[in-house]
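Peer 1: After the C-alpha cells below, expect a handful of questions from me.
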Amino acid sequence: MISSSEYGSHSWELSVTVDPHEEVQKEFLLQVTGDLHIGGLMLKLVEKIKISQDWSDYALWWKQKNCWLLKTHWTLDKCGVQADATLVFTAQHKMLRLCLPNMKTVRLKVSFSSVVFKAVSDICKILNIRRSEELSLLKQLEDALKKKKKKDKNSKEAASEDILNLCDSPVSSGLSGSPGLYSKTMTPIYDPISGAPASSTITWFSDSPLTEQNCSILALSHSNCSPETLAEMYQPRTLADKAKLNAGWLDSSRSLMEQGIQEDDQLLLRFKYYTFFDLNPKYDAVRINQIYEQARWAILLEEIDCTEEEMLIFAALQAYHVSKLSLSSEAQDFTCESEVDEVEAALSNLEVTLEGGNTSNILEDITDIPKLADNLRLVRPRKLSLKAIKSYWFVFKDTSVSYFKNKESAQGEPIEKLNLKGCEVVPDVNVAAKKFGIKLLIPVADGMNEVYLRCENENQYARWMAACVLASKGKTMADSSYHPEVHKILSFLKMKNWTMSPQAVSDPESIDMKPECFVSLRYTKKYKPKQLAARILEAHQNVSQMTLVEAKLRFIQAWQSLPEFGLSYYIVRFKGSKKDDVLGVSYNRLIRIDIATGDPITTWRFSNMKQWNVNWEIRQVAIEFDQNVSIAFTCLSADCKIIHEYIGGYIFLSTRSKDQNEKLDEDLFHKLTGGQE
C-alpha cells in the first residue's frame, strides 16, 4: 500500500476575495480541506486579515453559483465548493436607494442575503408601514430609465438633495426594525385627522432614523410636479405598454444579490397586491399616504383609465384639498381627542347594522331571500344596427337577474334569466347627464355576452350595482357587505354630483396652484388652465368639508371604484392559440383580454380554482377550475414566475385575519408562491 502522504496532503488552496476594504488586501489564499465547515473558513479568513473589527455582518458569496453560503455548519464538500470556486467575503447589509410611491427617494441599508419578502418586511418596519406583505420591490422600466438619464444630465445636484438618508437605521447593524409590527402598544400613533405623528408617541422613533421631520415627509403629501415633469415621465399608451410596468417585480423567494442587484442600485418600493387590509388612520398615516400617492401617480400617468368626470374629482381631492391641507399649518393643530377614529366608527356602524338596529325594508323578514324588483331599461348592443333599448320588469334574486315583459307577468316564466356569477361588472355613469348604467359582461361558451342595464336615479343604481358586484363574486344581498357597498357607491356618486356655483368659480385666477398639475396630460391639452381651474373648483364643492386623512381615504376609495382597479397586465400566449392576448391578474380573478380592442374575452375566478402549477422547463402556467375548465399559457412580457407568485400571493393574502398578535406565516407564503424551479 502507498500512503496518502506520498501523493501529498488532502488539503488544497482556496481563493477568497474580501469585499473592497481600504485597510485590507483584496485576495487571500487559504489552505483548506473538504471537511472544513463554512464557519471555520470564515474564522480562518478573519484571522488571516488581522484587522480588529466587527465582522458579524459578513458572509461568503459564491460568484459562479450566484448564491450565499449562509449555512455555516455545512462543510465545503457538502456545499460543493472546490479549488476553482471564487468566493467573496462581503457584508450582507448594503446601501440601497428606494423610490417610494410618493416619488421620494430614501437611502438605507438592506439585507442583500435575506429573501426579498423578508427584506421588504424589514424596510417597512423602518418606514413604519404595517402589512408589509402587500408591498414588494420593482426594477425600473428601461424606457423610464432612458427618460431619467436625459433628465439627470441637467439636474444631478438637485437629485442628490432630494434623497432622504436613513442609513443609520437599525437594519444597518443587521437588526430588525422598529419593534412590534402588529403590536398596537408599540406602534407610533398618528393624528387620525391630519396624519401627523402624535407628540406622545414620537419618542418611540428615537431608536430609528424616522424622526418627526422624516416621518412627515413620508406621511404627508408635498409639492406637486409640473406638467413639464409629468411629460418627462414614462406613460403607457397601450395595454402592451401597461404590461411592461409589471415585468420588473423581483422574486420574493430569492435574495437581492441572487437577482443581480448591486450596492447603491435604485429600486421602486410599491404596493404589489391591491388588497389593503385593516387600514386604520390612527396607526397607518404613512401607509395611507403612500397608497394615496401610488393611486395619484397611476391616475396622472394614465396607468389606469378614468372618465373626465372622475379625473376632476381626483383633481379636486388632491389639488385643492390634500395639497392645501398638507401645506397648511392649521392641519397640524388638530388633536387626537377631537374626533373618533374613522375606521372604528365605521366598524361600530357596521355592528349596529348587523345587530338589527338599522334594518332595510328589503330585509323585512330575515327568513326571506333578499331580492330586488324594479323597472329598468335593457340595452343590447348590435353590431350592424343601433342599440335596442327597451323597458322591462327586472327581478334580482340570489346571484341571477330575470326580466319580464311587465310586473304582472313576473309570476310566470321570464323572457331571460342571466346568471351573474363570474361576470364582469363595469359602471357606465355620467352624473351630470343623469346617466346611470351598469355594463355586464357575462361569460358564455364562446366569450362574453354584453348587456347594459339603465337605472332611473342614483338610489336605484346604487342598489342594483351593489347587487351585481356581489353576485359576480358568488355572494347574495344577504351578505353583510351589501349595505356598505351601496353606501360606498352612493358616496362616490355624491362626490361626482356637483352644480356650477357662480361664487365658487367667479375668480379662478385667485387660486395659488397650477390646476394643470393635478390632471393627466390628456386634459391639459384639452383645456386651458382657467377652464381647468373653474371645473376643478366646481367638483371641489362636494369635498371641501373633509379632513386631510378623510380626503386621502376618499381618493383611495374612488380609485378602487374604477373598473380597471387592481389589474396587473401581462402579454401571454394561450395554449392552442395563434395570437397573443393580455392576461389581467386581480385579487379575485384572471381576465383574458383582446390585445387589439381591450375587450374582456373570458373571466376565471380564484374561488373556482382547483389547482395551478408551472412547467418550469417550458415556462408554462397551467390552471384547473371547476366544471372541468382548464387553461394553460406562456408569459411573453415577463417571467412566468411573476404570474405564479401573483396568484399564490393573492390566495395567501385572503387568509389574513385582524388579530393584532397574528404572525405572518412566511412558510405558507413561500409554499404558495415559491415554485419548484
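The values are calculated or read from the model by the stated rules, or taken from the named source; none is laboratory data. What you see is a predicted model; the values in this text were computed from it and never measured. Methodologically, a virtual Cβ is constructed for each residue, glycine included, from the backbone with ideal geometry; neighbour enumeration extends over all protein chains shown. Surface accessibility is based on the protein's heavy atoms, side chains included, excluding ligands, DNA and RNA. Shrake-Rupley method; radii C 1.70, N 1.55, O 1.52, S 1.80 Å.
Peer 1: Order K421, K397, K494, most accessible first, counting only protein heavy atoms with a 1.4 angstrom probe. Intermediate results must be reported in sequence, preceding the final value.
Peer 2: Working: K421 110, K397 90, K494 145 Å².
Most to least solvent-accessible, the answer reads K494, K421, K397.
Peer 1: What dipole magnitude, in Debye to the nearest 20, does region 371-477 give about its Cα centre under +1 on Lys/Arg Cβ and -1 on Asp/Glu Cβ?
Peer 2: Working: 19 positive and 11 negative charges, 35 e Å.
Using only the charged Cβ atoms, the result is roughly 160 debye.
Peer 1: Residues of region 371-477: accessible area per residue at 1.4 Å, in Å²? List each step's numbers first, then the result.
Peer 2: Numbers: 5510 Å² over 107 residues.
Each residue of region 371-477 exposes 51 Å² on average to a 1.4 Å probe.
Peer 1: Taking 0.36 nm per residue of sequence separation and subtracting the Cα-Cα distance, how much length would be gained by fully extending the chain between L636 and A231, in nm to one decimal? Don't skip to the answer; put the middle values down first.
Peer 2: Values: separation 405, 0.36 × 405 = 145.80 nm, distance 2.84 nm.
Here the answer is 143.0 nm.
Peer 1: For region 11-91, what does the accessible surface come to per residue with a 1.4 Å probe? Please give it in Å². Can you show the working numbers first?
Peer 2: On the way: 4610 Å² over 81 residues.
That works out to 57 Å² per residue.
Peer 1: Filter the cross-link list K244/K488; K439/K475; K282/K552; K473/K671; K125/K244; K125/K242 down to pairs whose alpha-carbon distance in this structure exceeds 22 Å.
Peer 2: Cα-Cα > 22 Å for K244/K488; K473/K671; K125/K244; K125/K242; rest within.
Peer 1: Obtain the nm distance between the two label points defined at K50 and L668 by a simple spin-label model: each point lies 7 Å from its Cα along the Cα-to-C-beta direction.
Peer 2: For K50 paired with L668, the spin-label model returns 5.5 nm.
Peer 1: In addition: Order these peptides, 233-240, 602-609, by their mean beta-carbon neighbour count within 10 angstrom, highest first. Don't jump to the answer; show the numbers that get you there.
Peer 2: Values: 233-240: 15.4, 602-609: 17.9.
Ranking, from highest mean packing down: 602-609, 233-240.
Peer 1: Can you give the extra length, in nm with one decimal, that the chain gains between N588 and A410 once fully stretched, where that is 0.36 nm per residue apart less the Cα-Cα distance? Could the numbers behind the result be given before it?
Peer 2: Details: separation 178, 0.36 × 178 = 64.08 nm, distance 3.40 nm.
In short, 60.7 nm is gained.
Peer 1: Continuing with this model, one more query. Put +1 on the Cβ of every Lys and Arg and -1 on every Asp and Glu Cβ in region 11-91; which of H73, W61, I51 then has its Cα farthest towards the positive end of the dipole?
Peer 2: In region 11-91, that residue is H73.
Peer 1: Tell me, what is the FRET efficiency for A388 and N613 to the nearest 0.05, using R0 = 51 angstrom and their Cβ-Cβ distance as r?
Peer 2: Working: r = 45 Å, r/R0 = 0.88.
For A388 and N613, the calculated efficiency is 0.70.
Peer 1: Using a Förster radius of 25 Å, what is the FRET efficiency between D305 and N628 based on their Cβ-Cβ separation? Nearest 0.05, please.
Peer 2: On the way: r = 35 Å, r/R0 = 1.40.
Between D305 and N628 the formula returns 0.10.
Peer 1: Ok, one more. By accessible area of protein heavy atoms, probe 1.4 Å, what ranking do K118, K641, K371 get, highest first? Write down the numbers at each step before the final one.
Peer 2: Numbers: K118 75, K641 10, K371 110 Å².
Solvent-accessible surface, decreasing: K371, K118, K641.
Peer 1: Here's a follow-up. Ignoring any ligand, DNA or RNA, what whole percent of the accessible area of region 371-477 comes from carbon and sulfur when the probe is 1.4 angstrom?
Peer 2: So the carbon and sulfur contribution to the accessible surface is 46 percent.
Peer 1: Express in nm, to one decimal, how much length is gained between Q140 and D84 on full extension, taking 0.36 nm for each residue of separation and deducting their alpha carbon distance.
Peer 2: Values: separation 56, 0.36 × 56 = 20.16 nm, distance 3.51 nm.
Difference between extended and current length: 16.6 nm.
Peer 1: Give me a comma-separated list of calculated 3J(HN,Hα) values for region 436-443, in order, Karplus coefficients 6.51, -1.76, 1.60 applied at θ = phi - 60°, integers in Hz, x for any Gly or Pro.
Peer 2: Per residue, the Karplus-derived 3J(HN,Hα) values read 10, x, 10, 9, 10, 10, 9, x Hz.
Peer 1: Identify the residues of region 520-548 with backbone N under 12 Å of a label point that sits 7 angstrom from the Cα of M103 along the Cα-to-Cβ direction, or state none.
Peer 2: Only 520-521 pass the distance filter.
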